[in-house]
Amino acid sequence: MNNFTYYNPVRIVFGRGSIAQLQQLVPTNPKILLVYGGGSIKHNGVYEQVQAALNDHDVIEFAGIEPNPLYETCIKAADLVKQEGVGFLLAVGGGSVMDATKFIAAAAAYTGADPWDMVLKKAPVTDALPLGCVVTLPATGSETNINAVISRASTAEKIPFKSPLLYPQFSILDPDTTFSLPQRQLANGIVDTFVHVCEQYLTYDVHAHLQDRQAEAILLTLIQEAPKLFGPDDDYDVRANLMWCATQALNHNLACGVPMDWSTHAIGHELTAACGIDHARALAIVMPALLDHQRVPKADKLLKFAHRIWGITCTDTNAAIDTALQCTRKFFQDLGMPTRLSDAHIPSTVIAKIANRLGQRCPHIGEHQNLDTKAIRAILEATI
Ligand code: NZQ
Ligand code: ZN
């Protein structure tokens, strides 16, 4: 097992009715900026619950954060924070709203020339306003991690950035908020969670047995619970299990002491930047092809995945990996996901553009740093 430091200060408040606890969790003195998206919270009762809990607080709002949040929008919010002397940010929404709020928190406190430098040039985040989250879409784990992914419309880029200063002070997870989610977003959340686990699990073996079992527990729970969402067994506990899986998948816990491979995400972000495809749908296309391409260096873990997740007992390595990848694709397809570019009506002409662009910015990705422009191109060509 590799050396590691683990630190996660996020207070999680989980369960039915927990939005009311904002009253105690949000500090009373500073002015609060409530950040939200395109209005779903106004149709499912979440906005009213937040308003009721913050009745005694001084709250202003910034609405209109878009899916795959834009730098151009976040900068307007950061200006508002400075003009109004806001001292605390409250994100209410999915990963896009939480990520945008993290960028706003850092941008409003940034003393350099251009806050985009924190994203593109990895200029250090030196300060950030405190923030809290109310999660309405279980998927990204943004509520308990230091990451955010920001897009820039003017350059059609989508790039992650991170800082320990961006840990939320608290996150509220009420599974009841998920009942208004369209099936497409529920499916997105399951696949995003599944891929987050795989990218911390499917690398090479470092004898981190507990972490492997923790990853497998999440994958098996997703496979068990996901089908219930679309039938008579759907209920609060299904939502609660899926919500907790999403948080556990990317709170840095699975990452302890193991190698990681975030190349599916790196390629997926480029696909979204180029074509506007939903984050998780891009991952569903890329990951099976990437695992296939990397079946030799990942063979030990792919076999473990085949045996322990999909119950494959076949002793031939290649045949077991083939079947595991077929099972993975079928799981995604049963959720309505595309697993090929053509399923998502994406022309193969984007492949060269994506591979060149990512290859230039990050010349070597993957746990062995062995994926270059040519490899990225080959992976995407296998998805046509
Ligand atoms: O904008 P509103 O009106 O809120 O509608 C949203 C949006 O249209 C809607 N929605 C959210 N909660 C709802 C709801 N509709 C009905 N009922 C509810 N309860 O769902 C749509 C999608 O929301 P979005 O926040 O974009 O989805 P998601 O949570 O999947 O977030 C995706 C973003 O997170 C980034 C992705 O790249 C993408 O930009 N990620 C962030 C990560 C992180 N911070 O660690 C890791 C992930 O890998 C990911 O990259
Ligand atoms: Zn993701």
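The values are calculated or read from the model by the stated rules, or taken from the named source; none is laboratory data. Remember, it's a predicted structure, so these values are computed and weren't measured experimentally. Here Cβ is always computed from backbone atoms with ideal geometry, including for glycine, and neighbour counts include all displayed protein chains. Side chains are part of the model used for accessible areas, which takes the heavy atoms of the whole protein and leaves out ligands, DNA and RNA. Shrake-Rupley method; radii C 1.70, N 1.55, O 1.52, S 1.80 Å.
Where both bridge residues fall in the chain, DSSP classifies roughly 25% of the beta bridges as antiparallel. For Val59, the residues 5 or more places off, or on other chains, whose built amide H falls under 5 Å of its own are Ile32. Protein heavy-atom surface of the chain, 1.4 angstrom probe: 51% of the accessible area is carbon and sulfur, with nucleic acids and ligands not counted. Rolling a 1.4 Å probe across all protein chains gives Cys275 an accessible area of roughly 50 Å².
For the range 185-256, the solvent-accessible area of protein heavy atoms averages 33 Å² per residue (probe radius 1.4 Å; ligands and nucleic acids excluded). Across all directions, the average projected area of the convex hull around the alpha carbons of the range 78-153 is 5.2 nm². Projecting the Cα atoms of His269, Ala282, Pro259 onto the dipole axis of the range 246-384, where Lys and Arg carry +1 and Asp and Glu carry -1 at the beta carbon, places His269 farthest toward the positive end. List the residues of the range 128-167 whose backbone N lies under 19 Å from a point placed 7 Å from the Cα of Thr349 along the Cα-to-Cβ direction. Residues passing the 19 Å test: 156. For Leu131, the residues 5 or more places off, or on other chains, whose built amide H falls under 5 Å of its own are Leu89, Gln169.
DSSP beta bridges confined to the range 121-243 are antiparallel in about 60 percent of cases.
Distance between the modelled labels on Gln224 and Tyr7, one decimal in nanometres: 3.5 nm (7 Å Cα→Cβ projection). In terms of packing, defined here as the mean over residues of other Cβ atoms within 10 angstrom, the peptides 345-351, 312-318 line up highest first as 345-351, 312-318. Annotation: per residue accessible area for the range 9-143 equals 40 Å², rounded to a whole number [probe 1.4 Å, protein chains only]. Summarised in one figure, the compactness ratio Rg/Rh of the range 174-287, Cα atoms and Kirkwood Rh, is 0.99. Percent of Cα-Cα pairs more than 25 Å apart in the chain, please. Roughly 54 percent, rounded to a whole number. How far is helix 350-361 tilted, in degrees, relative to the longest principal axis of the Cα atoms in the chain, given as a value from 0 to 90 rounded to the nearest 10? Roughly 70 degrees, rounded to the nearest 10. Between the C-alpha center of the range 64-121 and that of the range 242-281 there is a gap of 21 Å.
Close amide H pairs (under 5 Å, H built 1.01 Å from N) link Phe14 with Leu173, residues at least 5 positions away or on another chain. Considering all C-alpha pairs of the range 137-226, those separated by over 18 Å amount to 60%. Exposed loop sites here are trypsin sites (Lys or Arg not before Pro) assigned a DSSP state other than H, G, I, E or B and surrounded by at most 13 other beta carbons within 10 Å; excluding them, the longest clear run of the chain is 123-384. Would you kindly state how much longer the chain becomes between Glu381 and Thr323 on full extension, computed as 0.36 nm times their sequence separation minus their alpha carbon distance, in nm to one decimal? Here the answer is 18.8 nm.
Extension gain, Thr155-Thr28: 0.36 nm per intervening residue step, less the Cα-Cα distance, totals 41.8 nm.
Label-to-label distance for Asn356 and Leu210 is 4.9 nm, based on points extended 7 Å past Cα in the beta-carbon direction.
When the residues Ser151, Ser96 are ordered by accessible surface, computed with a 1.4 Å probe over the protein chains alone, the sequence from largest down reads Ser96, Ser151. Grouping the Cα pair distances of the range 25-75 into 10 Å bins from zero gives a pair-distance distribution of 22, 47, 29, 1 percent in increasing distance order. Rounded to the nearest 20, the size of the Cβ-charge dipole of the chain about its Cα centre is 680 debye, with Lys and Arg at +1 and Asp and Glu at -1. Only DSSP H runs of four or more residues enter the estimate; each adds -39500 (n - 2.57), and after division by the residues of the chain the mean residue ellipticity at 222 nm equals -14000 deg cm²/dmol. Normalised per residue, the accessible area of the range 271-384 is 44 Å², obtained with a 1.4 Å probe and no contribution from ligands, DNA or RNA.
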